[in-house]
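Asker: For reference, the structure I am asking about is given below.
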Amino acid sequence: MQKYSLCKTDRRLAILIDPDKHSSDELFDKITRVNEINPDYILVGGSLIVDTSISKSVEQIKQCTNIPVILFPGHFNQLTQVVDHIFLLSLISGRNPDLLIGQHVLSAPLLKKLNDKLIPTGYMIVESGRSTSVSYISNTEPIPRDKIDIAQCTAMAGEALGLKQIYLDAGSGALNPVSLKMIKGVADSVDIPLIVGGGIKEVSHIQNCWNNGANLVVIGNGLEEDTGESAHFANALHRLTN
């Protein structure tokens, strides 16, 4: 297994899969399309996993692809050892102690066993124009999308605490993605890699995120529906990343 590595000069792509949104057959079809695009990583997780076993979904995904699978946990009951890597999230944009440290304490024995898979990540929710699942479930206020200075200082604090990367997320189903001004402002403020996701539906916007300092761009809903528009998106994305 190739060890996860992300640096400030990288321009990488990940596709986020919420296993609760797919039956077994739908998940197979989704991975077929993901393989055609050939992103650097597949992220698996969601704010609310109700009907699906994360472990079983990851096992099915790994049977269909050689792309590294990273857990993007919405809750620490989603932890599993069958993934290649785990984004160990600390929600530094909010003031909910449960997601800053509380869940980490409760799951500490398991985290210790998974230590070689963990990538400590400063997770920052950014206001997107509508309420999203992640802001509701986390019981936190997102950073206002025009408050770049707050985002910069939050990211710098995360870096000072020893976190290895920053994740700016507008959330699944976001009306507006994280602004390019905020991406650039945060990227210029820290020396650790920057991940950006949520509301990214245009291939040109992926390029713009990279151009403004994002080192890993995460897309999800752009490939959720198997429509002609989605196929066009996938083809354009394939040309961009190959």
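Asker: Are any of the residues in segment 63-73 in contact with an Asp or Glu (Cβ under 6 Å, 6 or more places away or on another chain) and modelled with pLDDT of 95 or more? First the steps, then the outcome.
Answerer: Taking segment 63-73 as the starting set, the residues that turn out to be in contact with an Asp or Glu (Cβ under 6 Å, 6 or more places away or on another chain) are 68-69.
Imposing the further condition that a residue be modelled with pLDDT of 95 or more reduces the set to 68-69.
Within segment 63-73, one or more residues are in contact with an Asp or Glu (Cβ under 6 Å, 6 or more places away or on another chain) and modelled with pLDDT of 95 or more.
Asker: Which of the residues belonging to segment 131-167 are closer than 17 Å to L99 by Cα, hydrophobic (A, V, I, L, M, F, W, C) and not in a loop (DSSP other than H, G, I, E, B)?
Answerer: Residues satisfying the conditions are V134, I137, I143, A155, A157, I166.
Asker: Within segment 98-110, identify whether any single residue is buried (at least 19 other Cβ atoms within 10 Å of the Cβ), free of Cβ contacts under 8 Å to residues at least 60 places away in the same chain and either part of a helix (DSSP H, G or I) or not aromatic (F, W, Y) (or both), and answer yes or no.
Answerer: yes
Asker: Considering segment 1-44 alone, what residues qualify as being within 12 Å of C64 (Cβ to Cβ), in contact with a Pro (Cβ under 9 Å, 6 or more places away or on another chain) and of a type outside the set (V, I, T)?
Answerer: L27 - this is the single residue of segment 1-44 that is within 12 Å of C64 (Cβ to Cβ), in contact with a Pro (Cβ under 9 Å, 6 or more places away or on another chain) and of a type outside the set (V, I, T).
Asker: Next question, about the same structure. Of everything in segment 128-141 that's crowded, with 22+ Cβ neighbours inside 10 Å and in contact (Cβ under 8 Å) with a residue 40 or more places away in the chain, which residue is nearest to the chain's Cα centre (by Cα)? Full working, then the answer.
Answerer: Within segment 128-141, the subset crowded, with 22+ Cβ neighbours inside 10 Å is 128, 132, 134-135, 138.
Next, only the ones that are in contact (Cβ under 8 Å) with a residue 40 or more places away in the chain stay: 128, 132, 134, 138.
Numbers: S128: 15, T132: 15, V134: 12, S138: 15 Å.
Going through the qualifying residues, I end up with V134.
Yes/no per residue for (1) within 21 Å of K113 (Cα to Cα); (2) assigned to a loop (DSSP other than H, G, I, E, B); (3) in contact with a Lys or Arg (Cβ under 7 Å, 6 or more places away or on another chain); (4) not basic (K, R):
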position	(1), (2), (3), (4)
K3	yes, yes, no, no
K8	no, yes, no, no
E26	no, no, no, yes
I31	no, no, no, yes
V34	no, no, no, yes
S55	yes, no, no, yes
I67	no, yes, no, yes
G74	yes, yes, no, yes
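Asker: Further question: Filter segment 156-175 down to residues that are within 22 Å of N139 (Cβ to Cβ) and over 16 Å from the mean Cα position of the chain (by Cα) and give me whichever is surrounded by the fewest Cβ atoms within 10 Å (Cβ to Cβ).
Answerer: Checking each candidate, the answer is L161.
The values are calculated or read from the model by the stated rules, or taken from the named source; none is laboratory data. These numbers were taken from a predicted model, which means no experiment stands behind them. Reconstructed Cβ throughout: ideal geometry from the backbone, glycine too, with neighbour counts over all protein chains shown.
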